[in-house]
1. Determine whether region 91-99 contains at least one residue that is closer than 22 Å to residue 160 by Cα, modelled with pLDDT of 95 or more and either surrounded by fewer than 11 Cβ atoms within 10 Å (Cβ to Cβ) or out of contact with any strand residue (DSSP E or B) (no Cβ under 6 Å at 6 or more places or on another chain) (or both).
2. Hey, does region 115-124 have a residue that's at pLDDT 85 or above, in a loop (DSSP other than H, G, I, E, B) and under 13 Å from residue 100 (Cα atoms)?
3. Of the conditions (1) closer than 16 Å to residue 41 by Cβ; (2) part of a helix (DSSP H, G or I); (3) at pLDDT 95 or above, residue 167 satisfies every one except a single condition; which number is it?
4. Quick check: anything in region 61-76 part of a loop (DSSP other than H, G, I, E, B), modelled with pLDDT of 95 or more and over 16 Å from the mean Cα position of the chain (by Cα)?
5. If only one of 102, 144, 151, 129 is in contact with a strand residue (DSSP E or B) (Cβ under 9 Å, 6 or more places away or on another chain), surrounded by 15 or more Cβ atoms within 10 Å (Cβ to Cβ) and at pLDDT below 75, which one is it?
């Protein structure tokens, strides 16, 4: 039975669509390519930070936020205080928002006090204890730690975890 002109048009349209899709450039206009941490790596980072602090007898909580400021992984270590949950989150939130490590921000505001506007948004906490996570120069998340006796120690534990996983961020 001969095919109808309609069937011929459908096959022609399908062919044109397939050719058009194949010819579309990989970097389509209007799209932004970003990197994201895997769930496994986010979990590895919080486990690594809590373990690094535990070796020094610090009971901490570690939080990883993605580029959008959404909590991706969290681990409250044995004996970590209840407030460490929010403090670690807020340290990471401040780092992801400003794209700066907590120590860098704390040093900056020793000489230049933050404006009132900066202090008003919820979850902004100008303390050491968080680092940004980058792929090259692209910020993709932040790791916040709270509970050690000083933000510099929290930040050192975060840095140890990130350094251990650095080869996975290339």
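1. No: region 91-99 contains no residue that is closer than 22 Å to residue 160 by Cα, modelled with pLDDT of 95 or more and either surrounded by fewer than 11 Cβ atoms within 10 Å (Cβ to Cβ) or out of contact with any strand residue (DSSP E or B) (no Cβ under 6 Å at 6 or more places or on another chain) (or both).
2. Going through region 115-124, the residues at pLDDT 85 or above turn out to be none.
No.
3. (3)
4. no
5. Details: 144 fails: at pLDDT below 75; 151 fails: at pLDDT below 75; 129 fails: at pLDDT below 75.
Step by step, each of 102, 144, 151, 129 is checked, and only 102 is in contact with a strand residue (DSSP E or B) (Cβ under 9 Å, 6 or more places away or on another chain), surrounded by 15 or more Cβ atoms within 10 Å (Cβ to Cβ) and at pLDDT below 75.
Every residue, every condition in (1) surrounded by 10 or more Cβ atoms within 10 Å (Cβ to Cβ); (2) at pLDDT below 55, yes or no:
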site: 1; (1), (2): no, yes
site: 12; (1), (2): yes, yes
site: 39; (1), (2): yes, no
site: 46; (1), (2): yes, no
site: 53; (1), (2): yes, no
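The values are calculated or read from the model by the stated rules, or taken from the named source; none is laboratory data. These numbers were taken from a predicted model, which means no experiment stands behind them. Positions of Cβ are backbone-derived with ideal geometry, glycine not excepted, and every protein chain shown enters the neighbour counts.
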